[in-house]
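Read the structure below first, then the notes.
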Amino acid sequence: MGEILSQSEIDALLSALSAGEIELEEHSSAEKQKVKKYDFKRPNKFSKEHLRTLEMIHDNFGRIVANYLTANLRTSVQIKVISIEQITFEEFIHSVPNPTILMTFYLEPFTGPFMFETGPNYVFEIVDLMFGGSGKGQVKTRDFTDIEKNIIKKLNLKILENLKMAWEDIIDVNIVFDNIETNPILNQVIAPNEPVCLITFSTQIGNNQCYINMCIPYISIENYVDKLVVQYKSTASDKLDQDFKEKIKNNLMPVKVDCCVELGKAILTVEDFLNLDVGDVVKLNKKTSEPLNMFIEDKLHFKVYPGKIGKKLGVQIFEIKDKDVEEDA
């Protein structure tokens with residue numbers, strides 16, 4: 001705490017000020033207000049809130065696409081957003097390899113173009129897996145063939161269809177394909193200094209990692225940019241979420257599944273099979289004292305013992321095999 005002045009000291013100061021013996025300190029305008037530099041060549045048009053919302057949308061998009069590719073390629077695929085930033089369109093074009101698959105499309109009702117870029121590592125690995133390969137072949141720098149371009153074009157269009165689900169909480173969208181380029185320099189759909197949002201995905205296919213990019217120009221979403229400000233749910237929505245989960249559970253429980261019990265197996269020659277007749281006995285590989293395998297939708301889930309329930313055949317569960325739902329519990 002500063003020293004407290006007495007009344008006589010205050011009077012002395014006031015008299016000195018009025019006589020001009022003491023000058024008041026004047027703060028410069030620079031000290032009063034700091035000036036922040038602004039680059040007019042690279043205006044920041046995407047706010048932090050806009051980038052956060054776009055990251056949320058495309059993080060959801062990445063999970064949906066990962067599930068789609070896992071099912072179609074029959075191998076583990078993981079996709080996640082690793083960076084999201086505002087750059088110029090020229091910087092984006094010079095950051096992608098040549099050749100690459102650069103697809104331009106429209107996301108109606110947005111008025112401007114969007115771009116989806118998949119590099120050679122992604123393209124060659126996907127094509128290899130789709131045609132029965134292991135996806136571990138060595139990637140060589142070369143131009144894509146017409147067959148490879150058509151295959152990736154069709155697959156990427158299927159992937160981009162998932163943007164409808166990713167954007168559904170913000171706005172209903174529709175995908176309209178425009179064109180495809182392998183040389184990014186030839187793609188001059190917007191001005192070089194136009195700000196764009198570049199979203200980079202890390203794509204893990206099996207043990208191999210590659211990267212894909214989504215480019216969103218600001219002019220394309222300018223008319224709807226206010227929708228990117230997310231209104232967060234209140235805590236009251238927790239009960240609604242719980243009710244929704246309960247409804248899903250109740251809808252799933254009555255679903256019927258195929259169950260079968262395997263009594264055993266036997267190996268016969270074609271000759272023995274053709275000579276089988278009524279009353280013949282086929283020796284199985286199971287003893288009467290051994291438990292049997294019970295399959296649910298062709299997957300082994302239980303070990304059981306056979307028996308009767310009234311006048312009907314039945315089984316008693318002896319052992320539960322590893323469940324495929326434990327990882328999600």
Restricting to the range 133-192, name every residue that is without any contact (Cβ under 8 Å) to a residue 12 or more places away in the chain and among the hydrophobic types (A, V, I, L, M, F, W, C). ILE147, LEU186
Among the listed residues ASN60, ASN67, which satisfies the condition of being under 17 Å from the mean Cα position of the chain (by Cα) and surrounded by 15 or more Cβ atoms within 10 Å (Cβ to Cβ)? ASN60
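Test ASN156 against the stated conditions and say whether it is more than 13 Å from ILE57 (Cα to Cα) and under 24 Å from the mean Cα position of the chain (by Cα). Before you say what the answer is, go through the steps one by one.
Values: more than 13 Å from ILE57 (Cα to Cα): yes; under 24 Å from the mean Cα position of the chain (by Cα): yes.
Taking the combined requirement at face value, the residue satisfies it.
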So which residues in the range 62-76 are at pLDDT 90 or above and among the hydrophobic types (A, V, I, L, M, F, W, C), if there are any at all? ILE64, VAL65, ALA66, LEU69
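Going through GLU85, GLU90, GLU125 one at a time, which residue ends up being among the acidic types (Asp, Glu) and closer than 19 Å to ASN208 by Cβ? Steps first, answer last, please.
Values: GLU85 fails: closer than 19 Å to ASN208 by Cβ; GLU90 fails: closer than 19 Å to ASN208 by Cβ.
Within the list GLU85, GLU90, GLU125, the selection yields GLU125.
Name the single residue that is least open to solvent (accessible area, probe 1.4 Å) among those in the range 150-182 being in a helix (DSSP H, G or I) and charged (D, E, K, R). If you could, list the steps in order and put the result at the bottom.
At the first step, the residues of the range 150-182 found to be in a helix (DSSP H, G or I) are 150-160, 163-167.
The next check asks that each one be charged (D, E, K, R); those that pass are 153-154, 158, 164.
Values: LYS153: 63, LYS154: 146, LYS158: 123, LYS164: 80 Å².
Among residues in the range 150-182 that are in a helix (DSSP H, G or I) and charged (D, E, K, R), the one least open to solvent (accessible area, probe 1.4 Å) is LYS153.
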Can you name the residue in the range 183-207 that is touching an Asp or Glu at 6+ places or on another chain (Cβ under 7 Å) and either at pLDDT below 85 or not in a strand (DSSP E or B) (or both) and is also least open to solvent (accessible area, probe 1.4 Å) among such residues? ASN187
Could you check the range 108-128 and list, in sequence order, the residues that are touching a residue at least 40 places away in the same chain (Cβ under 8 Å) and either of a type in the set (Asp, Glu) or buried (at least 22 other Cβ atoms within 10 Å of the Cβ) (or both)? GLU108, PHE114, MET115, GLU117, THR118, TYR122, GLU125, ILE126
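Considering only the range 92-125, state which residues are of a type in the set (A, V, I, L, M, F, W, C), in contact with an Asp or Glu (Cβ under 6 Å, 6 or more places away or on another chain) and assigned to a strand (DSSP E or B).
Taking the range 92-125 as the starting set, the residues that turn out to be of a type in the set (A, V, I, L, M, F, W, C) are 92-93, 96, 101-103, 105, 107, 110, 114-116, 123-124.
Subset that is in contact with an Asp or Glu (Cβ under 6 Å, 6 or more places away or on another chain): 96, 102, 105.
Once the filter is applied, which keeps residues that are of a type in the set (A, V, I, L, M, F, W, C), in contact with an Asp or Glu (Cβ under 6 Å, 6 or more places away or on another chain) and assigned to a strand (DSSP E or B), the range 92-125 yields LEU102, PHE105.
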Taking the range 133-147 as the search range and keeping residues that are loosely packed, with under 11 Cβ neighbours inside 10 Å and at pLDDT 85 or above, which one is nearest to GLY119 (Cα to Cα)? THR145
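The values are calculated or read from the model by the stated rules, or taken from the named source; none is laboratory data. Bear in mind that the values here come from a model prediction, so they are computed numbers and not experimental data. In this analysis, Cβ positions are derived from the backbone assuming ideal geometry, glycine residues included, and neighbour counts consider all displayed protein chains. In case anyone asks, the SASA skips ligands and DNA or RNA and just uses the protein heavy atoms, side chains included. Shrake-Rupley method; radii C 1.70, N 1.55, O 1.52, S 1.80 Å.
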